[in-house]
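S.K.: My questions will all concern the structure given below.
The values are calculated or read from the model by the stated rules, or taken from the named source; none is laboratory data. Given the structure is predicted, the values throughout are model-derived calculations rather than measurements. For neighbour counting, all protein chains shown are included, and Cβ atoms are generated from backbone atoms with ideal geometry for every residue, glycine included. Ligands, DNA and RNA are stripped out before the accessible areas are found, and what is left, the full protein with its side chains, is counted by its heavy atoms. Shrake-Rupley method; radii C 1.70, N 1.55, O 1.52, S 1.80 Å.
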Amino acid sequence: MAKKNKKHIVIAAAVAIIMTVLLIYRYYIPDMKTKKQFTPAVVEYTYDDSVTSSELAEYQSQQGWQLTLVNNDTPICENCSVILTALDNGQAVDCRIYPQLQKMFDDARSQGIYPTITSSFRTSKDQQEILESKYEHYQKIGYSDKKAKAYAEEWVAMPGTSEHELGLCVDIASGDSSVTNEDVWNWLSKNSYKYGFIQRYTAEKQDITGIIPEEWHFRYVGKKAAEEMHENDLCLEEYLQMAS
Ligand SMILES: [Zn+2]
(Lines give C-alpha, C1' and ligand atoms only; values in the text may rest on other atoms or scores of the structure.)
Protein backbone atom coordinates (compact mmCIF):
# COMPACT_ATOMS: atom_id res chain seq x y z
CA MET A 1 0.00 0.00 0.00
CA ALA A 2 2.82 2.41 0.95
CA LYS A 3 4.50 1.58 -2.31
CA LYS A 4 1.31 2.45 -4.19
CA ASN A 5 1.02 5.83 -2.40
CA LYS A 6 4.58 6.63 -3.28
CA LYS A 7 3.82 5.90 -6.91
CA HIS A 8 0.89 8.33 -6.81
CA ILE A 9 3.06 11.04 -5.32
CA VAL A 10 5.67 10.53 -8.04
CA ILE A 11 3.01 10.74 -10.77
CA ALA A 12 1.47 13.87 -9.17
CA ALA A 13 4.89 15.49 -8.92
CA ALA A 14 5.64 14.63 -12.55
CA VAL A 15 2.32 16.11 -13.69
CA ALA A 16 2.98 19.26 -11.61
CA ILE A 17 6.43 19.64 -13.17
CA ILE A 18 5.08 19.14 -16.69
CA MET A 19 2.29 21.67 -16.08
CA THR A 20 4.79 24.22 -14.74
CA VAL A 21 7.09 23.73 -17.72
CA LEU A 22 4.16 24.13 -20.13
CA LEU A 23 3.02 27.30 -18.38
CA ILE A 24 6.50 28.78 -18.47
CA TYR A 25 6.84 27.80 -22.13
CA ARG A 26 3.52 29.41 -23.01
CA TYR A 27 4.38 32.78 -21.50
CA TYR A 28 8.14 32.94 -21.70
CA ILE A 29 9.52 34.27 -24.96
CA PRO A 30 13.10 33.12 -25.28
CA ASP A 31 15.62 35.55 -26.67
CA MET A 32 13.31 37.53 -28.88
CA LYS A 33 14.30 41.04 -29.66
CA THR A 34 11.33 43.30 -30.08
CA LYS A 35 11.41 45.00 -33.43
CA LYS A 36 11.47 48.71 -33.88
CA GLN A 37 8.07 50.18 -34.66
CA PHE A 38 7.84 52.63 -37.53
CA THR A 39 4.93 54.53 -38.96
CA PRO A 40 4.98 52.81 -42.34
CA ALA A 41 5.74 55.06 -45.28
CA VAL A 42 3.16 54.79 -48.02
CA VAL A 43 4.71 53.98 -51.37
CA GLU A 44 3.02 55.59 -54.34
CA TYR A 45 2.75 53.15 -57.22
CA THR A 46 1.66 53.11 -60.80
CA TYR A 47 2.07 50.74 -63.75
CA ASP A 48 4.42 51.06 -66.71
CA ASP A 49 1.55 51.05 -69.20
CA SER A 50 0.00 54.14 -67.63
CA VAL A 51 3.01 56.48 -67.62
CA THR A 52 4.54 58.41 -70.49
CA SER A 53 7.66 57.10 -72.19
CA SER A 54 9.70 60.02 -70.85
CA GLU A 55 8.52 59.31 -67.26
CA LEU A 56 9.51 55.69 -67.75
CA ALA A 57 12.89 56.63 -69.22
CA GLU A 58 13.57 58.95 -66.30
CA TYR A 59 12.60 56.26 -63.80
CA GLN A 60 14.84 53.71 -65.49
CA SER A 61 17.81 56.06 -65.53
CA GLN A 62 17.77 56.68 -61.74
CA GLN A 63 21.02 55.71 -60.04
CA GLY A 64 21.66 53.38 -57.13
CA TRP A 65 18.11 52.03 -56.69
CA GLN A 66 19.34 48.42 -57.03
CA LEU A 67 21.13 48.58 -53.69
CA THR A 68 18.37 50.21 -51.64
CA LEU A 69 18.62 48.72 -48.17
CA VAL A 70 15.42 47.81 -46.36
CA ASN A 71 15.58 45.90 -43.10
CA ASN A 72 14.28 45.90 -39.51
CA ASP A 73 16.30 49.02 -38.72
CA THR A 74 16.05 50.72 -42.10
CA PRO A 75 12.49 51.39 -43.18
CA ILE A 76 11.50 52.19 -46.74
CA CYS A 77 11.89 55.77 -47.89
CA GLU A 78 9.31 58.45 -47.20
CA ASN A 79 7.56 59.69 -50.35
CA CYS A 80 8.86 56.80 -52.46
CA SER A 81 7.20 56.03 -55.73
CA VAL A 82 7.58 52.98 -57.93
CA ILE A 83 6.57 52.07 -61.45
CA LEU A 84 5.50 48.46 -61.66
CA THR A 85 5.18 45.86 -64.38
CA ALA A 86 2.11 43.67 -63.91
CA LEU A 87 2.79 39.92 -64.10
CA ASP A 88 0.43 36.94 -64.22
CA ASN A 89 -1.99 36.16 -61.38
CA GLY A 90 -2.04 39.61 -59.82
CA GLN A 91 1.70 39.84 -59.17
CA ALA A 92 3.77 42.94 -59.94
CA VAL A 93 7.41 44.00 -59.65
CA ASP A 94 9.42 47.18 -60.12
CA CYS A 95 9.54 47.47 -63.92
CA ARG A 96 13.34 47.79 -63.77
CA ILE A 97 13.80 44.24 -62.48
CA TYR A 98 11.32 42.65 -64.86
CA PRO A 99 13.59 41.94 -67.89
CA GLN A 100 16.17 40.00 -65.82
CA LEU A 101 13.45 38.23 -63.82
CA GLN A 102 11.84 37.07 -67.06
CA LYS A 103 15.20 35.92 -68.43
CA MET A 104 15.96 33.98 -65.23
CA PHE A 105 12.59 32.23 -65.40
CA ASP A 106 12.98 31.43 -69.12
CA ASP A 107 16.43 29.91 -68.53
CA ALA A 108 15.20 27.92 -65.52
CA ARG A 109 12.30 26.52 -67.57
CA SER A 110 14.65 25.55 -70.38
CA GLN A 111 16.53 23.46 -67.80
CA GLY A 112 13.45 21.67 -66.49
CA ILE A 113 12.96 23.96 -63.46
CA TYR A 114 9.54 25.59 -63.33
CA PRO A 115 9.52 28.47 -60.87
CA THR A 116 6.44 30.49 -60.05
CA ILE A 117 6.07 33.75 -58.11
CA THR A 118 4.04 33.44 -54.91
CA SER A 119 4.53 37.01 -53.67
CA SER A 120 5.95 40.20 -55.13
CA PHE A 121 5.07 43.88 -54.69
CA ARG A 122 3.00 44.53 -51.56
CA THR A 123 1.52 47.71 -50.18
CA SER A 124 2.09 48.44 -46.48
CA LYS A 125 -1.58 47.51 -46.01
CA ASP A 126 -0.91 44.08 -47.59
CA GLN A 127 2.08 43.70 -45.26
CA GLN A 128 -0.07 44.61 -42.24
CA GLU A 129 -2.67 42.00 -43.26
CA ILE A 130 -0.02 39.29 -43.61
CA LEU A 131 1.32 40.17 -40.15
CA GLU A 132 -2.17 40.06 -38.63
CA SER A 133 -3.09 36.74 -40.20
CA LYS A 134 0.15 35.21 -38.88
CA TYR A 135 -0.66 36.61 -35.43
CA GLU A 136 -4.17 35.12 -35.56
CA HIS A 137 -2.73 31.80 -36.68
CA TYR A 138 -0.49 31.62 -33.59
CA GLN A 139 -3.37 32.65 -31.31
CA LYS A 140 -5.58 29.94 -32.83
CA ILE A 141 -3.05 27.22 -32.15
CA GLY A 142 -2.98 28.24 -28.49
CA TYR A 143 -0.16 30.75 -27.98
CA SER A 144 -0.61 33.60 -25.53
CA ASP A 145 -1.25 36.99 -27.16
CA LYS A 146 2.25 38.15 -26.30
CA LYS A 147 3.92 35.09 -27.73
CA ALA A 148 1.67 35.01 -30.82
CA LYS A 149 2.67 38.61 -31.53
CA ALA A 150 6.37 37.91 -31.01
CA TYR A 151 6.30 34.85 -33.30
CA ALA A 152 4.32 36.66 -35.98
CA GLU A 153 6.88 39.47 -35.92
CA GLU A 154 9.68 36.92 -36.09
CA TRP A 155 8.21 35.57 -39.34
CA VAL A 156 6.80 38.65 -41.00
CA ALA A 157 8.54 41.99 -41.55
CA MET A 158 6.86 44.96 -39.90
CA PRO A 159 4.94 47.17 -42.36
CA GLY A 160 7.35 49.77 -43.68
CA THR A 161 10.37 47.47 -43.38
CA SER A 162 9.79 44.93 -46.14
CA GLU A 163 11.60 44.91 -49.49
CA HIS A 164 8.32 43.70 -50.94
CA GLU A 165 6.93 47.20 -50.47
CA LEU A 166 9.38 48.45 -53.12
CA GLY A 167 8.75 45.62 -55.61
CA LEU A 168 12.47 44.77 -55.72
CA CYS A 169 12.08 41.15 -54.63
CA VAL A 170 9.99 38.07 -55.28
CA ASP A 171 9.05 34.95 -53.34
CA ILE A 172 9.44 31.90 -55.55
CA ALA A 173 8.14 28.33 -55.37
CA SER A 174 7.79 25.44 -57.77
CA GLY A 175 4.99 25.88 -60.27
CA ASP A 176 5.03 22.27 -61.43
CA SER A 177 4.34 19.10 -59.49
CA SER A 178 7.29 17.32 -61.13
CA VAL A 179 9.73 19.75 -59.48
CA THR A 180 10.06 20.32 -55.72
CA ASN A 181 10.42 23.72 -54.10
CA GLU A 182 13.90 22.64 -52.99
CA ASP A 183 14.90 21.92 -56.61
CA VAL A 184 13.75 25.39 -57.60
CA TRP A 185 15.51 27.10 -54.67
CA ASN A 186 18.72 25.13 -55.29
CA TRP A 187 18.76 26.13 -58.95
CA LEU A 188 18.11 29.75 -58.04
CA SER A 189 20.68 29.88 -55.26
CA LYS A 190 23.30 28.63 -57.75
CA ASN A 191 22.20 30.71 -60.73
CA SER A 192 20.22 33.79 -59.70
CA TYR A 193 23.34 35.98 -59.37
CA LYS A 194 23.82 35.73 -63.15
CA TYR A 195 20.60 37.71 -63.50
CA GLY A 196 21.30 40.16 -60.67
CA PHE A 197 19.34 38.39 -57.93
CA ILE A 198 20.49 37.14 -54.52
CA GLN A 199 18.97 34.74 -52.02
CA ARG A 200 18.50 37.45 -49.44
CA TYR A 201 17.93 35.62 -46.12
CA THR A 202 20.10 32.60 -45.39
CA ALA A 203 20.62 30.78 -42.08
CA GLU A 204 24.29 31.69 -42.23
CA LYS A 205 23.57 35.44 -42.29
CA GLN A 206 20.57 35.50 -39.95
CA ASP A 207 22.54 37.33 -37.24
CA ILE A 208 23.21 40.16 -39.68
CA THR A 209 19.95 40.36 -41.62
CA GLY A 210 17.78 39.77 -38.54
CA ILE A 211 15.47 37.61 -40.65
CA ILE A 212 14.91 33.88 -40.33
CA PRO A 213 16.06 31.84 -43.35
CA GLU A 214 13.76 32.29 -46.35
CA GLU A 215 14.96 30.08 -49.19
CA TRP A 216 12.18 31.43 -51.40
CA HIS A 217 12.96 35.17 -51.19
CA PHE A 218 15.09 36.61 -54.02
CA ARG A 219 16.10 40.24 -54.16
CA TYR A 220 17.33 42.13 -57.20
CA VAL A 221 20.58 44.02 -56.56
CA GLY A 222 21.94 44.27 -60.13
CA LYS A 223 24.38 41.93 -61.85
CA LYS A 224 27.64 43.47 -60.65
CA ALA A 225 26.67 43.47 -56.97
CA ALA A 226 25.05 40.03 -57.18
CA GLU A 227 28.21 38.53 -58.72
CA GLU A 228 30.44 40.11 -56.07
CA MET A 229 28.15 39.07 -53.24
CA HIS A 230 27.92 35.53 -54.62
CA GLU A 231 31.67 35.23 -55.09
CA ASN A 232 32.58 36.64 -51.66
CA ASP A 233 29.66 35.13 -49.75
CA LEU A 234 28.29 38.48 -48.57
CA CYS A 235 24.76 39.49 -47.67
CA LEU A 236 23.49 42.91 -48.71
CA GLU A 237 24.25 44.53 -45.34
CA GLU A 238 27.88 43.28 -45.51
CA TYR A 239 28.25 44.33 -49.12
CA LEU A 240 27.05 47.86 -48.43
CA GLN A 241 29.30 48.07 -45.36
CA MET A 242 32.32 47.11 -47.48
CA ALA A 243 31.42 49.53 -50.25
CA SER A 244 31.07 52.48 -47.88
ZN1 LIG B 1 9.70 37.58 -49.47
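S.K.: Please go through segment 51-72 and pick out each residue that is open to solvent by 40 Å² or more (accessible area, probe 1.4 Å), in a loop (DSSP other than H, G, I, E, B) and free of Cβ contacts under 8 Å to residues at least 40 places away in the same chain.
M.R.: Within segment 51-72, Thr52, Ser61, Gln62, Gln63, Gly64 qualify.
S.K.: Mind listing whichever residues of segment 40-81 are within 21 Å of the chain's Cα centre (by Cα) and among the hydrophobic types (A, V, I, L, M, F, W, C)?
M.R.: Ala41, Val42, Val43, Trp65, Leu67, Leu69, Val70, Ile76, Cys77, Cys80, listed by residue number.
S.K.: Taking segment 201-217 as the region of interest, how many residues are farther than 12 Å from Trp185 by Cβ, out of contact with any helix residue (DSSP H, G or I) (no Cβ under 7 Å at 6 or more places or on another chain) and not aliphatic (A, V, I, L, M)?
M.R.: 5
S.K.: Just to be sure, is Cys95 away from the ligand (no atom under 16 Å from the Cβ), at pLDDT 95 or above and open to solvent by less than 30 Å² (accessible area, probe 1.4 Å)?
M.R.: Spelling it out, Cys95 is indeed away from the ligand (no atom under 16 Å from the Cβ), at pLDDT 95 or above and open to solvent by less than 30 Å² (accessible area, probe 1.4 Å).
S.K.: Search segment 203-220 for residues that are more than 15 Å from Asp233 (Cα to Cα) and pair each with any residue that is small (Gly, Ala, Ser) and assigned to a loop (DSSP other than H, G, I, E, B) when their beta-carbon atoms are under 7 Å apart and the residues are at least 6 apart or on different chains.
M.R.: Tyr220/Gly196
S.K.: Looking at the structure I just gave you, is Asp145 charged (D, E, K, R), over 20 Å from Ser119 (Cβ atoms), touching a helix residue (DSSP H, G or I) at 6+ places or on another chain (Cβ under 7 Å) and away from the ligand (no atom under 12 Å from the Cβ)?
M.R.: Considered against the rule, which asks whether it is charged (D, E, K, R), over 20 Å from Ser119 (Cβ atoms), touching a helix residue (DSSP H, G or I) at 6+ places or on another chain (Cβ under 7 Å) and away from the ligand (no atom under 12 Å from the Cβ), Asp145 comes out as yes.
S.K.: Filter the helices (runs of 4 or more DSSP H) completely within segment 196-244 down to those with at least 2 residues that are within 16 Å of the ligand (Cβ to nearest atom) and either under 18 Å from the mean Cα position of the chain (by Cα) or loosely packed, with under 15 Cβ neighbours inside 10 Å (or both).
M.R.: The helices (runs of 4 or more DSSP H) meeting that bar are 206-209.
S.K.: Residues of segment 117-159 being part of a loop (DSSP other than H, G, I, E, B), more than 13 Å from the chain's Cα centre (by Cα) and closer than 30 Å to Ile97 by Cα, which ones?
M.R.: Within segment 117-159, just Thr123 meets the criteria.
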